[in-house]
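What follows is one structure encoded as structure tokens, with my remarks underneath.
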Amino acid sequence: MSLTKIAFWKQILIALVLGLCFGISLNPEFGLVTSESIQPYLVWFKLPGDIFLNLLQMIMIPLVIVSIALGVSSLKNLRDLWSLGSKTLLYFIFTTIVSVSIGILLTTTTKPGLQIQTKIQNQTSASTTTSSITIEKKEKEDSIPEIIANIIPKNIVNVWSKQQMLSIVFLGMILGVFFLTSRESGTALKAFCHSLESFCLWVVALAMKLAPLAVLGLMTYAMVQIGFSLVFGLISYILTVLGGLLLILLFYSLMIVSFTKENPIRFLIQIREIPILGFSTSSSSSVLPYSLKVAKEKLKLKETVSDFVLPLGATINMDGTALYQAVATVFLSQVYQIELSTLDLFLLVGTVTAASIGTAATPGVGLVILSSILYTFHIPIEGITILFGVDRFLDMCRTSVNLTGDLSCAYIMNHIWKEENK
């Protein structure tokens with residue numbers, strides 16, 4: 001059987017398993033190779049994945065802008081924009097609060113920090129130097145008025161280069177409102193946006209041909225980098241995060257049943273490539289172009305809904321990340337024996353929910369956001385060094401959940417939109 005006859009999701013899954021096997025066998029702790037001998041080859045393992053991600057990130061921002069603009073312009077009027085936008089935003093906030101609450105309840109019940117307190121504290125010193133640069137990035141906090149003002153981009157080129165997604169979403173919405181209210185004068189620009197969207201989707205189709213090789217390389221690279229001794233030391237923490245992520249998926253399934261009366265298993269089967277790609281890349285924004293393709297071609301969602309909800313979700317809907325930050329905060333409070341009161345836990349729900357909105361959908365950024373949350377609750381920021389060894393693996397897992405959450409929201413909003421517009 002030729003490779004092209006194997007279903008795409010099976011190609012991705014096979015590449016994922018092979019990457020895990022290669023990565024484990026090539027990890028210096030396994031004993032087949034030394035750290036010095038494998039190091040020069042790591043960048044070559046990662047090369048197909050870098051090319052794949054760069055192709056997707058190259059067209060990510062123009063695709064987000066034109067998708068949102070065309071999605072908004074396909075609505076009947078500004079009232080419809082308010083209706084769809086407000087429902088989507090309320091859904092995202094609700095699911096984020098539920099996710100954070102699941103994380104806090106699990107961690108306060110299982111107490112993983114108390115179980116391995118002494119062992120973990122002995123492992124912090126080795127990685128303190130490595131982590132200091134990353135943690136310091138979030139020390140200067142903007143005030144809420146500054147954050148709101150900065151959403152409006154004063155320099156489009158700067159926003160593009162820094163991938164400031166909230167500003168990009170705002171630009172797309174403004175362009176869409178222009179199309180919606182100035183139908184004749186915006187015809188030529190709208191036609192250009194349609195052409196640009198077609199080009200972006202063509203690049204997505206091109207990148208997908210490289211996807212299995214990219215997944216193989218990225219998984220091999222990631223598993224070689226992960227230290228197994230620390231993974232085993234933090235097994236109770238890892239299981240708590242994974243348990244929480246599974247509960248979020250169950251929650252999504254219940255929401256799909258409640259709103260659409262459809263079988264959630266069928267939904268998960270239809271989108272199966274997306275969580276696998278998210279697991280491999282650790283980046284919601286990189287997978288967004290393919291999420292849009294799956295939403296339209298497999299889920300048969302209206303372009304109005306998918307073009308609006310999915311780019312917005314990739315920017316502000318981070319349920320998996322929110323759960324991880326809640327678990328990590330409570331876990332480290334247990335490690336350092338800092339008791340969080342009931343009021344602190346309620347404040348934690350609000351803080352993590354607010355922090356997860358607008359979190360950049362790129363690998364590793366969750367730790368930077370986590371540092372500001374720890375500072376808020378007077379938990380030693382150097383505690384993040386405990387989590388460095390396993391963050392990459394958990395980042396992969398929570399990205400899969402983030403992407404599933406975006407698609408489940410689009411699926412539900414599509415059903416609500418059809419019911420309202422019968």
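Structure above, values below:
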item	result
Failed item in (1) out of contact with any Ser or Thr (no Cβ under 8 Å at 6 or more places or on another chain); (2) under 12 Å from ASP406 (Cα atoms); (3) at pLDDT 90 or above, with VAL305 passing the rest	(3)
Residue match in the range 328-344 (condition: in a helix (DSSP H, G or I), under 20 Å from the mean Cα position of the chain (by Cα) and modelled with pLDDT of 90 or more)	yes
Boolean, LEU13 is under 25 Å from ILE276 (Cα atoms), surrounded by 20 or more Cβ atoms within 10 Å (Cβ to Cβ), under 21 Å from the mean Cα position of the chain (by Cα) and not polar (S, T, N, Q)	no
Close pairs from the range 172-186: first of a type outside the set (Phe, Trp, Tyr), partner buried (at least 20 other Cβ atoms within 10 Å of the Cβ) and assigned to a loop (DSSP other than H, G, I, E, B), Cβ under 8 Å, at least 6 apart	LEU180/LEU75
Among (1) part of a helix (DSSP H, G or I); (2) at pLDDT 85 or above, the one test that THR351 misses	(2)
Boolean, LEU70 is more than 25 Å from PRO275 (Cβ to Cβ), assigned to a loop (DSSP other than H, G, I, E, B) and of a type outside the set (S, T, N, Q)	no
Of the criteria (1) over 22 Å from the mean Cα position of the chain (by Cα); (2) surrounded by fewer than 21 Cβ atoms within 10 Å (Cβ to Cβ); (3) under 25 Å from ALA205 (Cα atoms), which one LEU81 fails	(3)
1 or more residues surrounded by fewer than 19 Cβ atoms within 10 Å (Cβ to Cβ) and among the hydroxyl-bearing types (Ser, Thr, Tyr): qualifying helices (runs of 4 or more DSSP H) within the range 167-275	187-208, 228-233, 235-260
Residue in the range 28-66 that is nearest to PRO311 (Cα to Cα), counting only those that are modelled with pLDDT under 80 and surrounded by 20 or more Cβ atoms within 10 Å (Cβ to Cβ)	VAL64
Selection within the range 73-112 - assigned to a helix (DSSP H, G or I), without any contact (Cβ under 8 Å) to a residue 60 or more places away in the chain and farther than 18 Å from GLY405 by Cβ	ARG79, ASP80, TRP82, SER86, LEU105, THR109
Test set (1) among the small types (Gly, Ala, Ser); (2) at pLDDT below 90; (3) out of contact with any Cys (no Cβ under 7 Å at 6 or more places or on another chain) - ALA295 fails condition number	(2)
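The values are calculated or read from the model by the stated rules, or taken from the named source; none is laboratory data. The structure displayed is predicted, hence computed values, not measured ones. Every residue, glycine as well, gets a Cβ built from its backbone with ideal geometry; the counts of neighbours run over all protein chains shown.
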